[in-house]
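Down below is the structure, laid out as structure tokens.
Read the figures in this text as sums done on the coordinates, not as results from a lab. Being a predicted model, the structure only gives us computed values, none of them experimental. Cβ placement follows ideal geometry from the backbone for every residue including glycine, while neighbour counts extend to all protein chains displayed.
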Amino acid sequence: MSESVEVARIMEEVRERVRQKRESGFYSEEEVRRITQMELEVTERAAGFHSEIEEHLAALNDAWDTAAEPVISSHRKLLGPLLINAKRALRRLTKPYITLLLARQVEFNSRLLRLLNTFVLPVRDELRDGIASLKRKTEELSLAVHERFSAAHADALRRNRELSQRIETLAGELSGLRAAVDRLRVAGAGSGATALPPGPVVSPDLGSLPADAYLRFEDRHRGSREEIRQRQRTYLDLFPTGPVLDVGCGRGEFLELCREAKIEARGIDTDAGMVASCRQAGLEVERADAFAYLMELPAVSLGGVFCAQVIEHLPPEAFVALVRLAFAKLRPGGVLLCETPNPACLTVFSGAFYVDLTHIKPIHPEAARFVLEAAGFGDVEVRYVNPYPMEMKLQPLEPLWYMRRYEEAFLTVLNDNFARLNDILWAAQDYAVIGRKA
Amino acid sequence: MTTRGPETLAFVIPWFGPRIPGGAEADCRDAARALAARGVPVEILTTCARDHASEWSDHHPEGLTEEIGLPVRRFKVRPGDRGCYAGLNERLLGGEQLASWDERDFVANSIHSDDLYTYLAAERERYWYAFIPYCFGTTWEGVLTAPDRALLIACLHDEPYARLAATERILRRARAVCFHAPAERALSEALAGPAPDRFFVVGGGVDTGIAGNPDRFRAKYGVHEPFLLYAGRKAPEKNTPLLVEYYARYRVTHPTTPLKLVLIGSESVRVPERLGRDVLDLGFVPIEDKYDAYAAAVALCQPSLLESFSIVMMEAWLCGTPSIVHAACAVTREHCLASNGGLFFADYFEFVEVVELLLADAAFRRALAGNGRAYVLANYTWDRVAANYLDVLGRLGARLP
């Protein structure tokens, strides 16, 4: 680095020189003003127009009187006073003529200037006021928009609170229902109707209703045969070899599927109407109690046990017994599948589950898994089926372009809550627990 | 545990091309090439857009190509409301503080590529991403896509974009932020708080092999009088109009001066008619002519307040010419003081003094330029800057060969 050059010091000197020049009047006040104003014009681009108008107008106001007495001076030291006197004499001589000539010009200048003075600045000020008023209106508008959104926000909050309250009420009712079911179950157990196997004979009890009542009930509430076939078709692959026993075969949809897939299968059901209907369709079905039937079968004789929408008709102990019996009668590699309403979906309790008088107890998927595992099944899988259609669920709200960040955050929370409610209220309607005998 | 292969350093930039003007664009090209030349696996990840000035749409085909010796991957541009962006940009540059929802629209309608973000997220294990510069969608959103793998080469200036919440967010979230100068780091600390373990001054690299021929410039462009040179984009945000105004004023207060003003670079600036013969706007000139212009000038004048590095100062010094900068720009002023290679002005009166000083004394000009040159060679060679980048990557635990 060159020793002689030190920028910090040089800049100090530069600043000092500028200060001295300004103090000594090297730059006139007018010059400083114009230079300072020029910088403003560059930095504040919009202001340039207005200050330029003022500047021109000020200059015109200074110079309009072209007949004004000029300042006579000279910069020469010795000849100066002489020259000034001469100039003054000349001025006195020519003044009347020049004044005559200039009078009309001065008149014109003054009139023009008066016009400009009365017109330019007020128009400029009006423009400025107009802009300011526009700005104010914009602000007011933005405030109004803000208020409207705040109101919408409050409304949404209120609706959210109402929804939460309704859910709480629902949850309260649900636990009441659960307690009632438990009480009924205890009462039932006390009467001895559900003693442990091998004794129990459990059947849907419809009292004095006609024999085909449950068939008609199923036709109305279970879903059409074709729907059930569609749903159960997905289970076919789990049963590659027969014989398959369909416990509680109902209208025989799964048996039909097995027949079409050339899998040996037969069914049992306690309902006479169902059995008659199946037989008419040429299916091999017997009216029998599942426990009695299974106990009669030779051990290790079945390729599969299929049991859809049955176990919820059983008291818990009967379910355990059914699983243990099935395990005993299945060949190694054989599969037990139990499909039942999914109690992890709360809507099931306002519809599918309690619509059927013969349902006794919902079975939680993890309880079902536990029962199968305890009975000796391996690879126990829980498969959730029959989801509710999206349009039945709470729909997420879309953010709108004009929302503010906190409103969007609020929306995210609301949608999150919807998603959680959807998970609880409209989870899959049913599940199948599937176990394989090793 | 499996041993994984070496990682790649990917520069993520809104647009890429060998001739796109702009400091960040040039810095990206040069840094990528310098690191590749030193054995670092380097890629460019960018959009299909052509450049800042063109419509932000798919100009190039998407996919992998090789350009200037670098693998370049382009991704489709997300359509956006450019009118909305332009309107908000104007308000922002007009000094307005944008409301949060306006800022969100501004950021959302900047340049983006969803395919790029998907790629950044999916491939983060094998890359380190160097986002450059800070003020576009690809950086605002890209950093948040993979913050743990993100180096931000900010190119930060004290300008309205720097004060957006989106900028503060990436300054806070990026794994490391690299700066060209200590003043840029200080600005970043003012905006997002100090972060000594994440903020690194790496400097900017300069091609130190350049030289200019003053006679060739004078002959080719017919400029035989002494002149001040402005090099770069001519725009209000670069403070070019201020330089033109100061020069115009100087012509009035110094009517006999032979001093001219020569402008080179893209875009244009309004020049008063009466200065038609004294201000020469040469537009975009070949790079050799730029170097020749540096060499022929009395001084390079860099009035911009928004510099994160100012490569033109470095180039001018290498070509033997001192710089005049605006005292209010911390970065350029710092360069002048640290190098003893340039002077600065805070107002017109200081501008006049500084110009007069330089005009009067050729030896003084040479001494300043010599100091500047030494400063560049000591701090801003690519060897030095590449080593700084490698040091940052090493601290982050990057597996580079």
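FRET efficiency for the pair B:A360 and B:S54, taken as 1/(1 + (r/R0)^6) with r the Cβ-Cβ distance and R0 = 56 Å, rounds to 0.80. Put in line by how crowded their Cβ is, counting other Cβ atoms within 10 Å and starting with the fewest, A:H313, B:H180, A:H56 read A:H56, A:H313, B:H180. What ranking do A:S142, B:S113 get, fewest neighbouring Cβ atoms within 10 angstrom at the top? So the ranking, lowest neighbour count to highest, is A:S142, B:S113. Peptide B:104-111 has a mean shielding of 1, counted as Cβ atoms of other protein chains within 10 Å of each residue's Cβ.
Considering every residue in B:371-379, what mean count of other chain Cβ atoms within 10 Å of its Cβ is obtained? It would help to have the intermediate numbers written out before the result.
Values: counts 5, 1, 0, 2, 1, 0, 0, 1, 0.
Mean inter-chain Cβ contacts per residue within 10 Å come to 1.
In this structure, B:E288 and B:H254 have a Cβ-Cβ separation that, at R0 = 45 Å, corresponds to a calculated FRET efficiency of about 0.90.
Loop-resident trypsin sites (Lys or Arg not before Pro) (DSSP state other than H, G, I, E or B) in region B:248-347 with no more than 14 further Cβ atoms inside 10 Å of their Cβ: B:R270, B:R277. Averaged over peptide A:6-15, the number of partner chain Cβ atoms lying within 10 Å of each residue's Cβ comes to 6. Working from label points 7 Å from Cα in the Cα-to-Cβ sense, the A:L113 to A:R161 distance is 7.2 nm. Label separation (A:R220 vs B:I210): 9.0 nm, computed from points 7 Å beyond Cα along the C-beta direction.
Take B:316-323, B:133-140, A:423-430 and order them by the average number of nearby Cβ atoms within 10 Å per residue, most first; the result is B:316-323, B:133-140, A:423-430. Zone of A:L397 (label point 7 Å along Cα→Cβ, backbone N under 18 Å): which residues in region A:123-155? Residues A:145-155 fall inside that zone. Taking the DSSP bridge list for region B:233-354 and keeping only pairs wholly inside it, about 0 percent are antiparallel. Note on A:V106 and A:N85: with the Förster distance fixed at 41 Å, the Cβ-Cβ geometry gives a FRET efficiency of about 0.90. Longer than 22 Å from Cα to Cα, which of B:K238/B:K290; B:K220/B:K260; A:K361/A:K393; A:K135/B:K234 are they? Say none if no pair is. From the list (B:K238/B:K290; B:K220/B:K260; A:K361/A:K393; A:K135/B:K234), the Cα-Cα distance tops 22 Å for A:K361/A:K393; A:K135/B:K234. With the simple spin-label model, which puts each label point 7 Å out from Cα in the Cβ direction, the A:Y97 to A:Y406 separation comes to 8.4 nm. Cut-off under 30 Å on the C-alpha distance; same-chain residues fewer than 8 positions from A:K262 excluded. Which lysines are left, in chain and number order? Cross-link targets: A:K329, A:K437.
Of the beta bridges in the protein assembly as shown, as assigned by DSSP with both residues counted there, near 25 percent are antiparallel.
Annotation: the residues B:Y294, B:Y247, B:Y375, sorted from fewest to most other C-beta atoms within 10 Å of their own C-beta, follow the order B:Y375, B:Y247, B:Y294.
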